[in-house]
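Asker: One structure is given below, represented as structure tokens, and several questions about it will come after.
The values are calculated or read from the model by the stated rules, or taken from the named source; none is laboratory data. Worth saying up front: this structure is predicted, and the values here are computed from it rather than measured. FYI the Cβ positions are ideal-geometry reconstructions off the backbone, even for glycines, and counts take in every protein chain you see. For the accessible areas, the whole protein counts, side chains as well, though only heavy atoms, and no ligand, DNA or RNA atoms are used. Shrake-Rupley method; radii C 1.70, N 1.55, O 1.52, S 1.80 Å.
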Amino acid sequence: MRARYGVPLGITAVGAAGLLYAAGFEARSFRLRRVTVPVLPTGMRPLRVLQVSDIHMVSGQRKKQRWLRSLAGLRPDFVINTGDNLSDPEGVPEVLDALGPLMDFPGAYVFGSNDYYGPNFRNPVRYLFEKAQGRHGLNGNPPVVGAIHNPWEDLRDGFDSAGWLNLTNVRGALKIEGVEIELTGIDDPHIKRDRYAQVAGGPSASADFSMGLVHAPYLRSLDAFTADGYPLILAGHTHGGQVCLPFYGALVTNCDLDTDRVKGLSTHTASGRTAYMHVSAGCGTNRYTPMRFACPPEATLLTLTPRE
């Protein structure tokens, strides 16, 4: 009997322990990533940018809320929110409360699909099939039917009232101690709300520094920003793969970006130009798959320095 049932029971026990770790510990093991990016013009003082992304707030996530509030102690020059703040239609007040101390700093935001629509349960294996077939989000898939509509307008109004720039297919600018930072954003390509033509043209000559923002790092968006001459692009959406294999990495990115660049700092080249790109692994999960493995939740403090 031991020989017959020992191995299956052992595999089951290991699997159960892995799920317990992924959902009970790592998904709530919040980290701060620190990155230095040499993109500023020569002679400009360094800028400290805090990027938060993919919070996917569910009502009652107190530890996540406390951790987000604590990030204000970093005293960044400005804050960038790259979307997917919600995973619960009731989560808007808790998002605004958690980000309240950060909204004392200059900031800007773009939305992701989960700001607009509530999540539905999906078999995680479908992400692998969609990757193999080149289908992601509404890009190649049929339209979503019966989607839950989140109160994104309340979230927008809360950010706007704090002075954060809404970069939904528009340009904006922040003044940081006399330095003009131009921010160009587009809406989420994952659900085909991106309208790059409305912001095309590249950095303004009057800006001291310019950068691009997008929630989901689809190649068409990265190509457009890079070809237009933006030296830095910030994105989120991928969750860093969310469930990764040790010594291998992510299996999917949930968009057409390759898994080698699923999170962290990398570069992107298009039309003979190269830009730095930072993809945040985010600090949340879909409420129906509340686990992470070999990919802790994170925010990132980027220190922008002059080019070498």
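Asker: Could you list, ordered by first residue, the pairs with Cβ atoms under 6 Å in which the first is in segment 18-37 and within 16 Å of Gly264 (Cα to Cα) and the second is at pLDDT below 85 and open to solvent by 40 Å² or more (accessible area, probe 1.4 Å), at least 6 apart or interchain?
Answerer: Close Cβ pairs satisfying both conditions: none exist.
Asker: Go through segment 96-141 residue by residue and tally those that are under 23 Å from Gly241 (Cα atoms) and of a type outside the set (S, T, N, Q).
Answerer: 26
Asker: While we're on this one: Write out, first by first residue and then by second, each pair whose Cβ atoms fall under 8 Å of each other, whose residues are 6+ apart or on separate chains, and whose first residue, in segment 259-277, is free of Cβ contacts under 8 Å to residues at least 24 places away in the same chain and assigned to a strand (DSSP E or B) while the second is of a type in the set (Asp, Glu) and surrounded by fewer than 16 Cβ atoms within 10 Å (Cβ to Cβ).
Answerer: Ser266/Asp260
Asker: Something else about it: Identify all residues within segment 197-249 that are part of a loop (DSSP other than H, G, I, E, B) and hydroxyl-bearing (Ser, Thr, Tyr); write none if there are none.
Answerer: Of everything in segment 197-249, those that are part of a loop (DSSP other than H, G, I, E, B) and hydroxyl-bearing (Ser, Thr, Tyr) turn out to be Ser204, Ser206, Tyr218, Tyr230, Thr238, Tyr248.
Asker: On to the next question. Under the condition of being under 15 Å from Ile80 (Cβ atoms) and surrounded by fewer than 24 Cβ atoms within 10 Å (Cβ to Cβ), which residue from segment 171-187 is farthest from the chain's Cα centre (by Cα)?
Answerer: Only one residue tops the list, namely Ile176.
Asker: Among the residues of segment 45-64 satisfying the criterion of being open to solvent by 10 Å² or more (accessible area, probe 1.4 Å) and part of a loop (DSSP other than H, G, I, E, B), which is nearest to Thr253 (Cα to Cα)?
Answerer: Val58
Asker: Something else: Any residue in segment 131-149 that's of a type outside the set (Gly, Ala, Ser): show its pairings with residues that are surrounded by 12 or more Cβ atoms within 10 Å (Cβ to Cβ) and not in a loop (DSSP other than H, G, I, E, B) at Cβ separation under 6 Å, as long as the two are six or more apart or on different chains.
Answerer: His136/Glu130; Leu138/Ile191; Ile148/Gly118
Asker: Based on this model, can you work out whether Asp228 counts as open to solvent by 10 Å² or more (accessible area, probe 1.4 Å), of a type in the set (Asp, Glu), under 16 Å from Ala275 (Cα atoms) and modelled with pLDDT of 95 or more?
Answerer: Yes.
Asker: Continuing with the same structure: For segment 159-170, what are the residues that are surrounded by fewer than 17 Cβ atoms within 10 Å (Cβ to Cβ), assigned to a helix (DSSP H, G or I) and touching a strand residue (DSSP E or B) at 6+ places or on another chain (Cβ under 8 Å)?
Answerer: Scanning segment 159-170 gives a single hit, Asp160.
Asker: Let me ask you something else. Residues that are open to solvent by 70 Å² or more (accessible area, probe 1.4 Å) and within 14 Å of His56 (Cα to Cα): find the helices (runs of 4 or more DSSP H) completely inside segment 73-158 holding 1 or more of those.
Answerer: 92-99
Asker: Run down Arg62, Arg122 and say which single residue is of a type in the set (Lys, Arg) and farther than 30 Å from Gly146 by Cβ.
Answerer: From the options Arg62, Arg122, the qualifying one is Arg62.
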